[in-house]
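One structure is given below, represented as structure tokens, and several questions about it will come after.
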Amino acid sequence: MNIILMGPPGAGKGTQARFLVEERGMVQLSTGDMLRAARSSGTEMGKIVADVMDRGDLVTDEIVIGLIREQIEIGKGNGFIFDGFPRTLAQADALAELLEATGLTLDSVIEMEVDDEALVARITARSTCGACGEVYNDATKPQPADGECSNCGASDFQRRADDNEDALRNRLMEYYKKTSPLLGYYYAKGMLQKVDGLGEIDTVKAGISNVLG
């Protein structure tokens, strides 16, 4: 099964993808993670990525598709989770062509719906463990009183510089501008499913499981 997880910054796509990886053996293809891994890999594609990023240029769709192709060719596993890609209609078309060329299909597109005001309140209270990435929230999941991450025991808690209200609203606007056409694109194909992204983590997890069956 191959799926796309969609949702604005902070909707919890990474957390839910991790559950799918752990419980279903799926492979998460996160654009950011792939670019960082490629940059330090020493491969030909990695050298191209490093050169583009070192120049401060935007990584092209062709490069991202190339990275996805590499991961697909490594092994299909129990399916792929596309996280952070596609972001535009052109990328959606490119992904469809790649999947067809590799004999794969896209089974579902899950939009994690959020209320913007509630999301802003949640994200501005967010912090993460600098060692393992475990997410904490001042209101719903405070950092442990002993100052150690409940997941790995580290004590390096961090807040993203852009997790402030103005920056987050700008990111939300950019997301909606670019992805609104994608929602219509996948709805027309009968693939789009919606899950409440602001519920409790286990509730969101159950909603995604219901969609996937």
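The values are calculated or read from the model by the stated rules, or taken from the named source; none is laboratory data. Every value quoted in this text rests on a predicted model; they were computed, and no experiment measured them. Ideal geometry is used to build each Cβ from the backbone, glycine not excepted, and the neighbour counts take in all protein chains shown.
Looking at M112, M34, which one is under 30 Å from G199 (Cα atoms) and either in contact with a strand residue (DSSP E or B) (Cβ under 9 Å, 6 or more places away or on another chain) or at pLDDT 90 or above (or both)?
Exactly one residue qualifies, and that residue is M112.
Assuming L119 fulfils every condition listed in (1) over 29 Å from I65 (Cα atoms); (2) touching a strand residue (DSSP E or B) at 6+ places or on another chain (Cβ under 7 Å) apart from one, which condition is it?
Evaluating L119 over (1) over 29 Å from I65 (Cα atoms); (2) touching a strand residue (DSSP E or B) at 6+ places or on another chain (Cβ under 7 Å) leaves (2) as the failure.
Need pairs with beta-carbon distance below 6 Å; first residue farther than 17 Å from G84 by Cβ and at pLDDT 95 or above and within region 176-193, second β-branched (V, I, T) and not in a strand (DSSP E or B); sequence gap 6+ or separate chains.
Q193/V211
Let me ask something additional. Quickly run through region 90-138 and pick out the residues that are in a loop (DSSP other than H, G, I, E, B) and under 23 Å from A154 (Cα atoms). Walk me through it before giving the result.
Going residue by residue through region 90-138, those that are in a loop (DSSP other than H, G, I, E, B) are 102-107, 114-115, 124-125, 130-134, 138.
Listed by number, the residues that qualify are T124, A125, G130, A131, C132, G133, E134, D138.
Under 8 Å by Cβ, and 6 or more places apart or on different chains, what pairs join a residue from region 1-26 that is more than 21 Å from L182 (Cβ to Cβ) with one that is modelled with pLDDT under 90 and in a strand (DSSP E or B)?
The qualifying pairs are T15/V135.
Could you please tell me which pairs satisfy a Cβ distance under 9 Å, a separation of 6+ or placement on different chains, a first residue in region 134-150 that is within 20 Å of I123 (Cβ to Cβ), and a second residue that is assigned to a strand (DSSP E or B) and among the β-branched types (V, I, T)?
Listed pairs, sorted by first residue: E134/T128; V135/T128; Y136/T128; K141/V135.
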